[in-house]
Amino acid sequence: MLMDDMGWGDLGVLGQPSKETPHLDAMAAQGMLLPNFYTANPLCSPSRASLLTGRLPVRNGFYTTNGHARNAYTPQEIVGGISKDEILLPRLLKKKGYVSKIVGKWHLGHRPQHLPLENGFDEWFGAPNCHFGPYNSSFRPNVPVYNNSEMLGRFYEEFEINIKTGESNLTQIYLQESLDFILRQAEGGQPFFLYWTPDSTHAPVYASRPFLGKSQRGRYGDAVMELDYSVGQILSQLRTLGIDNNTFVFFTSDNGAALISAPHQGGSNGPFLCGKQTTFEGGMREPAIAWWPGTIEEGTVNFQLANVMDLFTTSLALAGISPPDDRTLDGLDLTPVLLSRSHTLQNRPIFYYRGDELMAVRLGQHKAHYWTWTNSLTEFKKGIDFCPGQNVPDVTTHDQKEHTPYPSSSTWDGIPGKSSQSEFLIRSTWTC
């Protein structure tokens with residue numbers, strides 16, 4: 001379950017004061033909460049590519065070099081997509097007979113050769129890109145919605161999104177597609193992989209009529225409440241079908257909340273600095289819950305440093321499939337952590353890339369920043385602010401500041417300064 005632009009601070013279990021995520025909070029109580037879980041990049045496309053390949057964006061090719069520390073994305077005008085040389089998770093799962101389906105946003109290329117069915121998925125219901133729009137010209141048509149290889153219509157046309165009111169039934173459609181897929185596989189005794197990627201929390205946010213106006217947090221909160229309800233429905237169906245004890249479920253987000261759209265069109269990153277697009281904590285630390293009744297101990301919290309790329313390697317391990325040995329993988333197998341509440345993987349670094357630039361590294365309780373930058377001063381003066389109300393002098397900089405010779409470092413208790421562990425980061429990064 002990969003959410004879109006949902007922040008670490010959007011869940012009640014992680015301190016959201018509104019407490020409007022009862023199903024996700026219950027999921028955490030029934031499974032494992034991972035407060036130190038990260039994405040591989042603070043933007044949609046690179047993080048999704050990393051999840052499905054187990055590799056950093058600088059290895060799988062989903063990054064840009066058209067300016068220092070730029071990020072990669074795939075709007076309709078860009079013709080590229082996931083490389084044919086990459087091996088995606090669903091293709092490997094076929095070795096053990098898994099049927100795979102993606103429901104929702106793909107965002108790894110919209111040309112035919114880049115779409116899900118060409119990259120290992122057996123089924124797809126959703127869109128190749130985000131629901132930006134509406135458009136109405138032949139130069140930039142509205143984004144299409146597919147059922148497998150058949151185009152069913154387009155956002156804002158056959159699949160309505162009311163920009164003014166925020167009303168759309170898309171989340172309900174994505175929910176029903178997921179429930180139907182699970183039912184079919186369960187009835188056929190077929191192992192399955194469901195990649196559920198709704199995008200209602202990405203601006204312009206939307207929710208169906210029963211949820212509009214329900215949240216204390218405005219329209220964004222309405223969208224979160226509907227996603228929370230949907231998670232509850234999916235977990236409930238697994239129980240009803242009697243396959244909950246044989247199903248591993250993981251919930252997270254592709255990057256931090258987009259504070260530039262907050263509060264009505266964006267979420268919360270809790271206590272962490274800045275948000276989407278940046279390599280400060282708010283941009284890359286994600287809500288994360290692992291759920292597997294009877295296998296993952298209920299009510300556990302594990303502070304293991306983990307990354308979305310680990311889901312690739314962990315899923316293969318759970319399916320009994322060896323990972324590819326012809327390429328470097330960055331994801332680690334988290335099964336020892338998930339199956340033993342006291343187990344940790346020692347000395348595991350977290351790399352904070354923006355574009356093809358290594359901006360920072362975290363190891364243990366220490367983080368070293370090699371570059372600091374939010375966006376240009378020109379953009380900032382136009383009102384494009386990735387850290388609204390949070391800008392810190394000489395930290396959230398609008399000129400690109402390099403700190404590589406003497407990285408700006410801090411320990412996780414908030415005390416600034418260098419330590420022996422931070423000095424290790426300085427030495428080791430050059431070999432990574």
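The values are calculated or read from the model by the stated rules, or taken from the named source; none is laboratory data. These numbers were taken from a predicted model, which means no experiment stands behind them. Because the Cβ atoms are built from the backbone with ideal geometry, glycine has one as well, and the counts that use them run over all protein chains shown. What goes into the accessible areas is simple: the full protein's heavy atoms, side chains included, and nothing from ligands, DNA or RNA. Shrake-Rupley method; radii C 1.70, N 1.55, O 1.52, S 1.80 Å.
For the residue pairs Lys105/Lys214; Lys105/Lys164; Lys95/Lys276, alpha carbon separations beyond 31 Å are given by Lys95/Lys276. Which Cα, out of Tyr352, Gly266, Leu305, lies furthest along the positive dipole direction of the chain (beta carbon charges, K/R +1, D/E -1)? After comparing all options, I get Tyr352.
Shown here are the Rg and Dmax of the Cα trace of the stretch 79-202, at 15.1, 47 Å. Sorting the Cα pairs of the chain by distance into bins of 20 Å, from 0 upward, gives 27, 62, 12 percent per bin.
How large, in percent, is the carbon and sulfur part of the accessible surface of the chain at a probe radius of 1.4 Å? Summing carbon and sulfur atoms, their accessible area is 51 percent of the total for the chain.
Using a cut-off of 11 Å between beta-carbons, work out the net charge of the residues near Leu212 (Lys and Arg +1, Asp and Glu -1, Leu212 not included). Walk me through the numbers on the way to the answer.
On the way: positive: Arg209, Lys214, Arg219; negative: Glu167, Asp222, Glu226.
Around Leu212, the surrounding residues sum to 0.
Taking a ≥ b ≥ c as the square roots of the eigenvalues of the Cα gyration tensor, the stretch 114-265 is classed as oblate, since a/c reaches at least 1.5 and a/b does not exceed b/c. Would you please classify the overall shape of the stretch 198-266 from the alpha carbon gyration tensor, given that a ≥ b ≥ c denote the square roots of the eigenvalues, rounded means a/c under 1.5, and beyond that prolate means a/b larger than b/c while oblate covers the rest? It comes out oblate by the Cα gyration axes. Solvent-accessible surface of the chain, taken per residue with a 1.4 Å probe and all protein chains present: 40 Å².
Could you work out the longest stretch of the chain that avoids the chymotrypsin sites (Phe, Trp or Tyr not before Pro) located in DSSP loops with at most 10 other Cβ atoms within 10 Å?
Values: sites that count: Phe139, Trp430.
Here the longest run is 140-429.
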